[in-house]
Amino acid sequence: APEGICRVWGLSYSGTIIASIGDNAAEVALTDECSALSSNFIEVIREVPVGGMVATLDGATMVHTCPGDGVAEIVEFASANTAGEFYTYLITDANNGILAITDTPTFDFDGAPEGDCRIWGIAYSGNLTAEVGANAGTAILSDDCFDLSSNFVEVIRAIPDGGVVELEDGSDFINICPGDGNPDIVSFDS
């Protein structure tokens, strides 16, 4: 059957079925004698999940946060060009190991480990089988159809390090003569 929504009805009848493929079951005679359709139907949704793309609310696919500083590191994100019955997000490490699964398009990275994290979107049908610790790139993430987003938001989690500033000779002290008419150029590095 093609993509779309199909309905499965029950039909009780006598005589011969005269309905043809393509007829509207609610509008045509289904048999040459008596018939009755079931009072309900089963709806079969035939749709291929599409993971689409993910980005932050301002369209970025890279974010920097400071781990372990006690300040909430909330990243808001969204998906686009998706299709499927269900959609959720996977937070992974740089090797695609699943760290968290969230249905909401926000995540607080303050408790996440230092290093790079990724935010993936996943469209799926059936039941989500993704688990924390599994690899999002190799695991079966649903007991039915699923598709990961074609990209991820990279969350770079690094503690800034001011390093050391020193002059070219390695020292941290220099004498200069201000006002003598000679340029006082100081070369340094970190």
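What to note about this one:
- Restriction of the GluC sites (Glu not before Pro) in the stretch 16-67 to DSSP coil positions whose beta-carbon has at most 16 other beta-carbons within 10 angstrom yields E27, E33, E47.
- Gyration tensor (Cα) of the stretch 1-93, equivalent ellipsoid semi-axes in angstrom: 53, 13, 9
- Local electrostatic count, A72, Cβ distance below 9 Å [Lys/Arg +1, Asp/Glu -1]: -3
- The stretch 67-99: GluC sites (Glu not before Pro) in DSSP coil with no more than 16 other Cβ atoms inside 10 Å: E85
- Accessible-area composition of the stretch 69-130, carbon plus sulfur, in percent [1.4 Å probe]: 47 percent
- Between A80, A100, A25, the GNM of the chain built on Cα springs shorter than 10 angstrom shows A25 fluctuating the most.
- Rounded to the nearest angstrom and listed largest first, the equivalent-ellipsoid semi-axes of the chain from its Cα gyration tensor are 65, 16, 12.
- For the stretch 83-156, fraction of C-alpha pairs farther apart than 13 Å, in %: 61 percent
- For the stretch 115-170: rounded, prolate or oblate by the Cα gyration tensor [a/c cutoff 1.5]: prolate
- Summary value for the stretch 117-159: 54 percent relative contact order, contacts being C-alpha pairs under 8 angstrom separated by 6+ residues.
- Rounded to the nearest 10 square angstrom, T31 shows an accessible area of 10 square angstrom against a 1.4 Å probe.
- Separation of alpha-carbon centers, the stretch 132-190 and the stretch 65-130, rounded to whole Å: 23 Å
- The mean accessible area for residues of the stretch 65-143, using a 1.4 Å probe and ignoring ligands and nucleic acids, is 47 Å² per residue.
- Pair I101, V186: separation of 7 Å Cα→Cβ label points (nm): 5.7 nm
- Formal net charge of residues neighbouring A136 (Cβ-Cβ distance under 15 Å; K, R +1; D, E -1): -4
- The peptide list 17-24, 137-144, put in order of mean Cβ contacts within 10 Å with the highest first, becomes 137-144, 17-24.
The values are calculated or read from the model by the stated rules, or taken from the named source; none is laboratory data. Since we're looking at a predicted model, the values are computed, not measured. Note that we place each Cβ from the backbone using ideal geometry, even for glycine, and neighbour counts take in every protein chain shown. For accessibility, only protein heavy atoms count, side chains too; no ligands or nucleic acids. Shrake-Rupley method; radii C 1.70, N 1.55, O 1.52, S 1.80 Å.
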